[in-house]
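Here's the structure we're looking at; comments come further down.
The values are calculated or read from the model by the stated rules, or taken from the named source; none is laboratory data. Owing to the predicted nature of the structure, the values given are computational and were not obtained by experimental measurement. In this analysis, Cβ positions are derived from the backbone assuming ideal geometry, glycine residues included, and neighbour counts consider all displayed protein chains.
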Amino acid sequence: MELQPPFRKIIHVDMDAFYASVEQLDNPDLRGKPLAVGGNEIRGVVSAASYEARKFGVRSAMSGVLAKQKCPHLIFVPPRFSRYKEISKKIRAIFYDYTDLVEPLSLDEAYLDVTENKKGNPSASLIAQEIRQRIWEKLELRASAGISINKFIAKVASDINKPNGQKTINPEEVISFLEELSINKFYGIGKVTAAKMHNHGIFNGNDLKQKPQEELTSLFGKSGGHYYHIVRGVHNSEVKANRVQKSIAAERTFNENISSEIFMLERLEKIAIELERRMKKSDTKGKTITLKIKYSDFTQQTRSKTVAFFMQKKENFFPIVKELLFQEKLKNSVRLLGLSFGNLNTEKTTPVLVQLKFDF
């Protein structure tokens, strides 16, 4: 099967070990050393790890205790999100020099549609190279990039030559690239889904391609149709400029695990005050309130309730939080509590972008 033009030109830019690299940038004593942002050797979770720490097997979302076991000389530093946001804005300013079609995924990564771009450059690969060079010259931070005809393939490609590299998957290479790609490398397919696929003889894109859409839907529900199309290079999601925020949250990890609902209510009061502050700051209201509970064994549970009206003030949504907390008995002592709003009044549809054909 051959994909038919018109093709878009999508770049996925991903900063290399962003939080850790910023810490090493601001503190030269940390450069070249194994570093973990967030957590500590007693408790907490690693938010990011430097490449020096990754050599020892330290990864984000790993407990600080395990990270220290893997790397005894690991240095822990607290996260400074205001600093990361400050630098992220400077990085995005560089993106906007090339296109207004920028869709941030987080502080350290974004999609860019450069099919038509402000520089009039027909090569997405050269644009990506120039962007990475400018980030280095202005901020002394390294970035990697993936370039291809859609967001899915660009995202996968950005991991191939990390750190400080880039990979272009040209239109004529897409099908063979996806057929040879390990299922574990497919963006959006996690360990559990990959294991299930392995059980059904699916180990790479070519194996996935042999499965009828009906079988994939039967095995994986709605996602089955998505898998059927992406392995054929079909992924029509546009780069959404000014990406609409779909939720606002506030949470807290405790120094000591909590086992009493009364103590949890006290903590939730403070979290609710912070959530209200964030809602007011962004002039946002929501209809769905969710309580997030992470237990001492790291298992996680969410409890949600949707109402018919938009809420923003703590006095309106906190009674629902109480109801959710006492909805069922706790499974274990608790290490983290969080509250979030969904079904926001900011959600709206985005226009479809026109796709034009240019040489890659």
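Computed values, structure above
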| read-out | value |
| --- | --- |
| Condition broken by Ile230, with the remaining ones in (1) touching a residue at least 60 places away in the same chain (Cβ under 8 Å); (2) under 30 Å from Ile293 (Cα atoms); (3) surrounded by 18 or more Cβ atoms within 10 Å (Cβ to Cβ) satisfied | (2) |
| Selected residue (criterion: nearest to Ile183 (Cα to Cα)) from residues of segment 145-166 that are buried (at least 22 other Cβ atoms within 10 Å of the Cβ) and not aliphatic (A, V, I, L, M) | Phe152 |
| Residues (assigned to a strand (DSSP E or B) and of a type in the set (D, E, K, R)) located in segment 100-133 | Glu103, Glu109, Asp113 |
| Those residues of segment 180-219 which are part of a helix (DSSP H, G or I) and either buried (at least 19 other Cβ atoms within 10 Å of the Cβ) or within 21 Å of the chain's Cα centre (by Cα) (or both), in sequence order | Ile183, Asn184, Lys185, Lys191, Val192, Thr193, Ala194, Met197, Gly205, Leu208, Leu216 |
| Only one of Arg134, Arg142 that is in contact (Cβ under 8 Å) with a residue 40 or more places away in the chain, within 30 Å of Glu41 (Cα to Cα) and surrounded by 14 or more Cβ atoms within 10 Å (Cβ to Cβ) | Arg142 |
| Some residue of segment 17-28 being over 18 Å from Arg142 (Cβ atoms), surrounded by 15 or more Cβ atoms within 10 Å (Cβ to Cβ) and of a type in the set (Ser, Thr, Tyr) | no |
| Answer residue from segment 29-45, given it is modelled with pLDDT of 95 or more and at negative phi and is surrounded by the most Cβ atoms within 10 Å (Cβ to Cβ) among those | Ala36 |
| Options Lys285, Lys246, Lys294: the member that is surrounded by 14 or more Cβ atoms within 10 Å (Cβ to Cβ), of a type in the set (Lys, Arg) and under 23 Å from the mean Cα position of the chain (by Cα) | Lys294 |
| Residue in segment 42-52 that is under 20 Å from Leu337 (Cα atoms), hydroxyl-bearing (Ser, Thr, Tyr) and touching a residue at least 24 places away in the same chain (Cβ under 8 Å) present | yes |
